[in-house]
Amino acid sequence: MNSVYASLGTTIFETMSRLAAEKGAVNLGQGFPEEDGPLDILEAAAKATLEGPNQYPPSRGLPALRQAVAAHYREHQNIDLDWQSEITITSGATEAIAAALLAFIEPGDEVILFEPMYDAYLPMVRRAGGVPSIVRLTPPHWRLQRETLTAAFNEKTRLVVINTPLNPSASVMSREELAMLAELCRAHNAIVVSDEVWEHVLFDDERHVSMLELLRDRTLKIGSAGKMFSLTGWKVGFACGAPALMDVFAKAHQFLTFTTPPNLQRAVAYALSKERSYFDAMRTGFQRSRDRLVSALEGEGFALLPAKGAYFVSIDLPASGIAMSDEAFAKHAIEHGVATIPVSAFYANPGAPALVRLCFAKRDETLDRGAEALIRAKRAL
Ligand code: GLN
């Protein structure tokens, strides 16, 4: 057996969702919206399924979808992409990350990762033969620091994986941080795989800055229709970057999944043409949900970290007067009727801060029941 996978457990997201179902607990764990995205997009998928064709689309994706992705990023992020040579449609962002790692690194190449990190990155880097070099970001602001970042680069560095907005910390990388990283990548001849799946899920006055804007020739930007349209199970991702990267990326993709369901591609092409007001309303809706959950918990002595992007907000356990590990508190909370995600699951090294992540992309009633269960759990300590 391959030792990377043989030594892994089931993901924390599956584990917590299963426990929530078993115990009938409110699920504020795995990050997915409780309500599916817009009906007209679902109808577009149904129509595309019935009308067909449902046979293999081109490996890089349907032209209509690649053109829609190019138009979307031109309008929303002022990025010019050539749809034929600079975009590939993938079966979700996770597939795009896997294809990028397989395409861009040779065994022994060093890959810089930032901790906390999405749980899929590290095993995929290792399986691709990469040697991880992990830079720790720290709460409450999770900023990239010039000194630690510079120290992480050396002559073996080939690739850097970033995620902004960052899951689970809900922080957003600034233009200055990204520019600093771009400068180091240029100096060390390194590539960035930029996981930007939360690019439309931003709050307050945060603005998304794409790494593609700052490091055009060396960035593979990854987007996700699931996150843009609250359809996380669809698994339609977009990989965008310069032809020299895309040509090799597309070869890795063709032997992973080859392509992505055509009906969903057509529905996403339709969805991407939505007016700005759709994206604004999505943001406002999630922000309202964030504020509802945060105020219910803060009123009861919970301390929460700032949440600027993605569907998540974290409880700072020590600052909330809870002297337990995140895993122990997550287990305790499940017994009181709410599933959460212990943030140490996003760390490879010991010494993670004691935080539990809550997903607030839920109906008001679910958020209220989740908050009540957390309050009960805190009182029972
Ligand atoms: N992105 C989701 C989260 O952070 C999980 C997706 C999954 O379960 N694979 O909760």
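FYI, it's all coordinate maths here, none of it is from the lab. If you're wondering where the values come from, they're calculated on a predicted model, not measured in any experiment. Because the Cβ atoms are built from the backbone with ideal geometry, glycine has one as well, and the counts that use them run over all protein chains shown.
Quick look at the values:
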{"read-out": "Residue exposure sequence - Phe13, Phe255 - by fewest surrounding Cβ within 10 Å", "value": "Phe255, Phe13"}
{"read-out": "Stretch gain in nm, segment Arg74-Glu335, where the contour uses 0.36 nm per residue and the Cα spacing is subtracted", "value": "89.2 nm"}
{"read-out": "Likely footprinting exposure, Leu355, Leu122, fewest C-beta neighbours within 10 Å first", "value": "Leu122, Leu355"}
{"read-out": "Shape call, segment 39-274: gyration tensor on alpha carbons, a/c limit 1.5", "value": "prolate"}
{"read-out": "Rounded if a/c under 1.5, otherwise prolate or oblate - segment 210-274, Cα gyration tensor axes", "value": "oblate"}
{"read-out": "The chain - mean residue ellipticity at 222 nm from DSSP helices (-39,500 (n - 2.57) per run, n ≥ 4, rounded to 500)", "value": "-13000 deg cm²/dmol"}
{"read-out": "Net length gained if the chain between Tyr56 and Thr257 were fully extended (0.36 nm per residue, minus Cα distance)", "value": "71.3 nm"}
{"read-out": "Approximate spin-label separation Lys23-Ala187, in nm, with each point projected 7 Å along Cα-to-Cβ", "value": "4.8"}
{"read-out": "Separation of the Arg376 and Arg276 label points, Cα + 7 Å toward Cβ, nm", "value": "4.6"}
{"read-out": "Mean Cβ count within 10 Å, highest first, over the residues of peptides 80-86, 327-333", "value": "327-333, 80-86"}
{"read-out": "Stokes-Einstein D for segment 114-251, Kirkwood Rh over Cα pairs, 4 °C, 1.567 mPa s (µm²/s)", "value": "83"}
{"read-out": "Residue of Phe249, Phe258, Phe360 that the Gaussian network model of the chain assigns the largest fluctuation, springs spanning Cα pairs under 10 Å", "value": "Phe258"}
{"read-out": "The chain, relative contact order [Cα under 8 Å, separation at least 6], %", "value": "25"}
{"read-out": "Nearest-0.05 FRET efficiency for Val248 and Asp368, computed from C-beta distance (R0 41 Å)", "value": "0.25"}
{"read-out": "Of Gly226, Gly299, Gly130, the one that fluctuates the most in a GNM where the chain has Cα springs shorter than 10 Å", "value": "Gly299"}
{"read-out": "Additional length obtainable on full extension of the chain from Lys156 to Glu327, 0.36 nm per residue less Cα span", "value": "58.0 nm"}
{"read-out": "Cα convex hull of segment 261-381, projected area averaged across orientations, nm²", "value": "9.6"}
{"read-out": "Among Ser194, Ser344, Ser133: highest mean-square fluctuation, GNM of the chain, C-alpha pairs under 10 Å", "value": "Ser133"}
{"read-out": "DSSP bridge pairs, segment 39-274: antiparallel proportion in percent, nearest 5", "value": "35"}
{"read-out": "Projected-area average for segment 77-169 over all orientations - Cα convex hull basis, square nanometres", "value": "7.4"}
{"read-out": "Burial ordering of Met211, Met124, Met246, fewest other beta-carbon atoms within 10 Å first", "value": "Met124, Met246, Met211"}
